[in-house]
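Colleague: One structure, pasted below without further comment.
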Amino acid sequence: MTSPWTGPVIFTLCLSVLAVLVSVTALGWQMVSWRRSGARLHVATKWGIAGVPPAARWFISVEARNTGRLATEINQVGFQMSKAEERRQIVDFEDVLGMPIQLPRTLAAGGTTSVMYAADRLLATLHNERLTGKGARPYVDTGAGRTLGRHKQDLREMVRKLIDQGTG
């Protein structure tokens, strides 16, 4: 009786194993590529002054940067308080200059957008709602969910420092 493992059978088997390995690698690459293909947002807090003295006003802005390959739509921008403050949110409807905040906004791939909150109104909101502002994080809501800024901060202290520096 002759063995079924002849040269052509072994060659075909090796070729089939190689094809399976290439297919699994291609499938893995497709999954990684799909995961990285969407919008990737980075959220941060910045501060500055808008206008010219004596009418200048300090602001704290929430800045969203899209480092992904696709555009996304921003539905809400604000500050989320800590777990101790029940993760309450501060969202304003007008910016530091009194202009209405236009949402939703489209954020293109590689693009940046920001919303400037008036420091004095932010402090008044913290005071009126009896919020400490400790552990607050900036956030952006999109159709894909909420993206929080990396760094927790004492929002009340940051706002107080800005207001103490100048015109408020």
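Colleague: I need every pair where a residue in segment 116-139 that is over 22 Å from Arg150 (Cβ atoms) has its Cβ under 6 Å from the Cβ of a residue that is hydrophobic (A, V, I, L, M, F, W, C) and assigned to a loop (DSSP other than H, G, I, E, B), sequence separation at least 6 or different chains.
Modeller: Ala118/Val96
Colleague: Working only within segment 62-107, note down all residues that are surrounded by 13 or more Cβ atoms within 10 Å (Cβ to Cβ) and part of a helix (DSSP H, G or I).
Modeller: Glu85
Colleague: Right, something else. Restricting to segment 95-138, give me the number of residues that are closer than 13 Å to Ile60 by Cα, of a type outside the set (A, V, I, L, M, F, W, C) and more than 16 Å from the chain's Cα centre (by Cα).
Modeller: 4
Colleague: I would also like to ask the following. All but one of (1) part of a helix (DSSP H, G or I); (2) assigned by TED's automatic domain parsing to the domain that holds Glu94; (3) not charged (D, E, K, R) hold for Val32; state the number of the condition that does not hold.
Modeller: (2) is the only condition that Val32 fails.
Colleague: Can you tell me which residue in segment 108-151 is surrounded by the fewest Cβ atoms within 10 Å (Cβ to Cβ), limited to those that are more than 22 Å from Glu73 (Cβ to Cβ) and hydroxyl-bearing (Ser, Thr, Tyr)?
Modeller: Of everything passing the filter in segment 108-151, Thr132 is surrounded by the fewest Cβ atoms within 10 Å (Cβ to Cβ).
Colleague: Check Pro100 against each of (1) free of Cβ contacts under 8 Å to residues at least 60 places away in the same chain; (2) in contact with a Phe, Trp or Tyr (Cβ under 9 Å, 6 or more places away or on another chain); (3) within 24 Å of Ala39 (Cβ to Cβ) and name the one condition it does not meet.
Modeller: It is condition (3) that Pro100 fails.
The values are calculated or read from the model by the stated rules, or taken from the named source; none is laboratory data. Everything numeric in this text was worked out from a predicted model, so none of it was measured. Positions of Cβ are backbone-derived with ideal geometry, glycine not excepted, and every protein chain shown enters the neighbour counts.
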